[in-house]
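Encoded as structure tokens, the structure appears first; notes follow it.
The values are calculated or read from the model by the stated rules, or taken from the named source; none is laboratory data. Just so it is clear, the structure is predicted and the values come from calculations on it, not from any experiment. Glycine gets a Cβ as well: all are built from the backbone with ideal geometry, and neighbour counts include every protein chain shown.
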Amino acid sequence: MADKEATVYIVDLGATMGETRGGRSESNLDWGMRYVWHKISTTVAASRKTWKVGVVGLRTDKTSNSLQDDDGYDNISVLQDVDAMSLTDLRTLGPMIKVNKTRDGDAVSAIIVAVEMINAAAPARLKFNRKIVLVTDGRGAIDGDDFDDLARRINELNIQLVVIGVDFDDADYGFKEEDKSKTKAQNEKLLSTLTEKCTNGVFGTLAEAVDETQKPNVKVTRPYKTYDGPLTLGDPKTFDGALSVNIERYFLTKVAHPPSATTVVVRDESAEGGTQSTRTIDEMEGVEMSNVDFTAVRNERVYTVDDPTRIGGKREVDFEDLEKGYEYGRTAVHISDQDHNITQLQTEKDFSILGFIARSNAEAYLNMGESCIIMPRRFSEADELAFSALVHSMVDTDTCAVARFVAKDMKDPTMLLLLPTVTKDHVCLYDVPLPFAEDVRSYPFPPLDKVITANGTVLKKHRLLPNDDLNQAMSDYVDVMDISMLGTDEDGQPAEYADLDDNYSPIIYRVNKAVSFRAVHPTEPYVQKDNEFVTRFDHPPEDLVSNAKSQIAALIRAAEVKKVPLKAKGRAGRDARINKPISGLDIDALLGGGGPTIKKESDELRKISHDNAIPEFKQALASTVSVKQIEGFTEQMGKIVESLIASSTGEVNYARAAENMRVMREELISFEEPAIYNTFLSSLKDKLVAEKLGGPRLDMWWTIRTSGLGLITSKESDESAVSEEEAQEFNRRLTPKKA
């Protein structure tokens with residue numbers, strides 16, 4: 001879209017638009033409004049005051065337009081003046097779009113009304129993109145006189161006239177309506193003639209327009225300059241032979257993100273202050289949300305310091321009186337401005353080439369960041385010549401450049417990879433940011449074609465290596481599943497299947513689609529229907545899979561693919577039996593008897609070691625057959641936790657103790673025994689408060705609170721009798737509760 005745009009949509013609301021034709025399940029009006037709502041909601045979402053929209057109703061029961069006193073302008077109503085459109089205007093317009101009873105109304109007269117509306121809102125002296133869009137079924141009377149004068153007026157104002165018809169014939173799109181009435185056929189010819197007389201006239205069928213709306217909108221932003229200055233090779237201030245070329249750098253590609261949500265509250269004029277209410281959405285159940293007015297949330301921060309002389313022990317301070325502090329463990333370390341200046345690089349605006357590397361050494365993953373394009377300074381022949389010589393020399397030697405870039409003074413420097421490009425149209429450099437060494441992680445994997453034993457022996461044949469049959473089956477499968485040239489171009493010739501320009505982000509598409517639908521239909525249920533144009537690359541083409549059935553079957557046989565049985569679902573109760581392996585073998589016995597064995601209730605409990613507490617605790621619980629055994633194993637785990645806390649130097653063992661507690665908590669929830677954990681936690685807290693675990697250890701209680709290891713509530717387990725309020729009070733209280 002341009003910076004300034006004025007568009008008038010003419011919507012046919014005649015009685016015939018309420019009919020359902022062409023095997024569709026929705027009326028002609030609803031089908032046509034899919035296109036109109038998409039265009040208008042896109043404009044509203046952009047929230048640009050210079051993008052103006054007007055709506056005219058054709059074949060309406062009433063007449064309301066600036067030319068209604070003249071003959072031939074009956075049954076035409078202006079539903080929305082040409083102006084910037086908001087969400088409120090959009091929702092006000094919605095109820096007006098409905099089928100009327102009349103069949104009278106001239107589409108050409110509606111176009112004349114739209115022309116005058118655009119002329120008033122966007123005069124010819126102003127730079128606007130002007131457009132009139134007519135959506136009709138072509139079944140009303142049309143006056144075909146004076147097309148030349150109307151077309152001349154449209155061309156004078158530089159207006160683009162777009163006529164979109166319900167079931168209009170379109171040879172380019174490949175559609176032709178059978179059994180068409182004479183009136184509609186004649187009207188199609190008249191409207192087609194009018195668009196041909198217009199310089200920017202477009203005539204098409206509605207099916208094609210609706211299909212176009214299913215494709216995601218690619219946001220094209222105006223390129224803006226990120227750097228204007230010299231690109232140097234060497235230091236021109238020191239060396240006479242150094243290269244310095246004046247360049248201009250522009251953004252080329254940027255990461256697209258889905259629209260972000262904004263926190264709002266319900267506007268309540270009766271509330272104190274007259275702007276905000278503390279009511280939540282849950283409290284407004286049953287309220288018609290389309291009539292609710294929202295307002296942005298205002299954040300207010302208050303900074304306090306400890307002051308025992310004030311009520312509540314706190315005193316408010318101004319933000320200007322605060323100093324910066326950096327968290328170091330549990331302590332805030334203050335750094336003065338003087339010390340902070342030492343850590344900041346004293347940089348100057350700079351763009352300098354540090355060296356060159358072979359193009360083959362520039363890995364493909366380096367090009368994944370946002371990119372920019374570098375061009376020589378415009379209207380400077382000397383810079384263009386020097387820049388062209390640099391780029392051509394890089395192309396001839398098949399090299400790339402590594403450059404240091406500082407956008408402006410006191411900015412952090414970044415390292416860029418400069419890629420030379422020479423085409424018929426331009427000579428330029430593309431740059432992408434280079435990652436830090438810490439950002440590149442190498443993961444070694446064993447080779448796929450050989451097995452190396454512990455003593456260094458290389459095996460070419462092994463059960464983990466593919467044999468000749470498997471290699472051949474995989475090769476045949478890859479060949480038959482080739483999609484590189486599975487697509488077709490406009491001439492029906494083979495073309496690239498997954499073209500980069502047709503790869504869209506489903507997340508951005510779905511969010512935009514849901515938001516625009518809810519803006520137009522605030523109360524109707526929304527059912528997500530993914531467009532095949534967006535999701536077609538999520539799965540292989542059905543025809544391709546169908547043709548590869550024999551190769552897939554051969555690959556399954558060669559690879560000996562077997563179905564893996566489903567895992568048992570649901571929580572394991574305390575009376576659950578140990579799952580037996582499919583083979584029927586006793587795995588623990590095969591591994592030397594190190595695993596747990598099922599013991600009777602009277603047997604002595606297995607000891608949990610201090611060094612391997614978590615896996616042994618889980619194994620022990622898996623072998624329990626009674627609550628008494630669960631309590632015994634939990635008691636052992638609790639003693640290990642207390643031992644870790646008591647023997648900890650500072651906070652060294654706190655994280656380990658908290659991890660043991662987390663496992664205890666999760667396992668006892670799954671075994672539906674929350675009371676055992678709650679009893680342990682209450683005892684642990686009493687010991688921490690009483691300083692019975694090696695002195696003052698209340699920092700451990702803070703670790704427990706912040707790690708979410710508090711009491712198990714009834715919300716987490718149906719077997720728990722502890723409410724949320726009781727759990728919160730338990731976390732806050734550090735003194736014994738009075739009887």
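Scanning segment 343-392 for residues that are in contact with a Ser or Thr (Cβ under 8 Å, 6 or more places away or on another chain) and of a type in the set (S, T, N, Q), we see that the one that is modelled with the highest pLDDT is Ser352. Residue count for segment 167-185, restricted to those that are surrounded by 11 or more Cβ atoms within 10 Å (Cβ to Cβ) and at negative phi: 12. Looking across segment 50-88, just one residue is in a helix (DSSP H, G or I) and in contact (Cβ under 8 Å) with a residue 40 or more places away in the chain, and that is Leu87. Would you confirm, using the coordinates I've provided, whether Glu666 is among the acidic types (Asp, Glu), exposed (fewer than 15 other Cβ atoms within 10 Å of the Cβ) and over 39 Å from the mean Cα position of the chain (by Cα)? Spelling it out, it is not the case that Glu666 is among the acidic types (Asp, Glu), exposed (fewer than 15 other Cβ atoms within 10 Å of the Cβ) and over 39 Å from the mean Cα position of the chain (by Cα).
Do we find a residue being surrounded by fewer than 22 Cβ atoms within 10 Å (Cβ to Cβ), in contact with a Ser or Thr (Cβ under 6 Å, 6 or more places away or on another chain) and within 12 Å of Asp137 (Cα to Cα) anywhere in segment 24-32? Walk me through how you get there before you give the answer.
Narrowing segment 24-32 to residues surrounded by fewer than 22 Cβ atoms within 10 Å (Cβ to Cβ): 24-27, 30.
Now narrow it down to the ones that are in contact with a Ser or Thr (Cβ under 6 Å, 6 or more places away or on another chain): 27.
Pick out the ones that are also within 12 Å of Asp137 (Cα to Cα) and you get 27.
Among the residues of segment 24-32, at least one is surrounded by fewer than 22 Cβ atoms within 10 Å (Cβ to Cβ), in contact with a Ser or Thr (Cβ under 6 Å, 6 or more places away or on another chain) and within 12 Å of Asp137 (Cα to Cα), which makes the answer yes.
Look at Gln472 and say whether it is polar (S, T, N, Q) and under 26 Å from Arg557 (Cβ atoms). Criteria met by Gln472. Residue pairs whose Cβ atoms lie under 9 Å apart, separated by 6 or more positions or on different chains, with the first residue in segment 540-556 and more than 9 Å from Met481 (Cα to Cα) and the second surrounded by 13 or more Cβ atoms within 10 Å (Cβ to Cβ) and polar (S, T, N, Q), are Ala554/Gln472. In segment 445-467, the residues that are touching a residue at least 12 places away in the same chain (Cβ under 8 Å) form Cβ pairs under 7 Å with partners that are surrounded by fewer than 11 Cβ atoms within 10 Å (Cβ to Cβ) and among the basic types (Lys, Arg), at six or more places apart or across chains, as follows: Lys450/Lys460.
Only one of these is more than 44 Å from the chain's Cα centre (by Cα) and touching a residue at least 12 places away in the same chain (Cβ under 8 Å): Val689, Val641. Name it. Criteria check complete, one pass: Val689. Regarding segment 196-216, can at least one residue be identified that is surrounded by fewer than 11 Cβ atoms within 10 Å (Cβ to Cβ) and in a loop (DSSP other than H, G, I, E, B)? No. For first residues located in segment 711-722 and of a type outside the set (Ser, Thr, Tyr), partners that are in a loop (DSSP other than H, G, I, E, B) and surrounded by fewer than 20 Cβ atoms within 10 Å (Cβ to Cβ) and lie 6+ apart or on another chain with Cβ distances below 7 Å form the pairs Leu711/Val722; Ile712/Val722; Glu719/Glu672; Ala721/Ser714; Val722/Thr713; Val722/Ser714. Residue count for segment 652-686 satisfying the condition of being touching a residue at least 60 places away in the same chain (Cβ under 8 Å) and among the charged types (D, E, K, R): 2.
Restricted to segment 309-362, the set of strands (runs of 3 or more DSSP E) holding at least 2 residues that are farther than 30 Å from Leu698 by Cα comprises 350-358.
For the residues Ala721, Ala727, the requirement of being assigned by TED's automatic domain parsing to the domain that holds Ile640, in a helix (DSSP H, G or I), at pLDDT below 90 and within 43 Å of the chain's Cα centre (by Cα) singles out Ala727. Scanning segment 488-512 for residues that are at pLDDT below 85 and hydrophobic (A, V, I, L, M, F, W, C) yields Ala498, Leu500.
What do you reckon, is Ala151 closer than 17 Å to Trp31 by Cβ and modelled with pLDDT of 85 or more? Spelling it out, it is not the case that Ala151 is closer than 17 Å to Trp31 by Cβ and modelled with pLDDT of 85 or more. Scanning segment 399-447 for residues that are among the basic types (Lys, Arg) and surrounded by 10 or more Cβ atoms within 10 Å (Cβ to Cβ) yields a total of 3. Within segment 669-687, the residues that satisfy the criterion of being buried (at least 20 other Cβ atoms within 10 Å of the Cβ) and over 13 Å from Gly638 (Cα atoms) are Phe671, Glu673, Pro674. Being in contact with a helix residue (DSSP H, G or I) (Cβ under 8 Å, 6 or more places away or on another chain), more than 30 Å from Val511 (Cβ to Cβ) and modelled with pLDDT of 90 or more is a property that Lys225 lacks. You will find that of Ile40, Ile76, the residue that is under 18 Å from Ile142 (Cβ atoms), of a type in the set (A, V, I, L, M, F, W, C) and buried (at least 18 other Cβ atoms within 10 Å of the Cβ) is Ile76 and no other.
On the basis of being modelled with pLDDT of 90 or more and either part of a helix (DSSP H, G or I) or farther than 24 Å from Thr713 by Cα (or both), does Arg606 make the cut?
Numbers: modelled with pLDDT of 90 or more: no; either part of a helix (DSSP H, G or I) or farther than 24 Å from Thr713 by Cα (or both): yes.
Taking the combined requirement at face value, the residue does not satisfy it.
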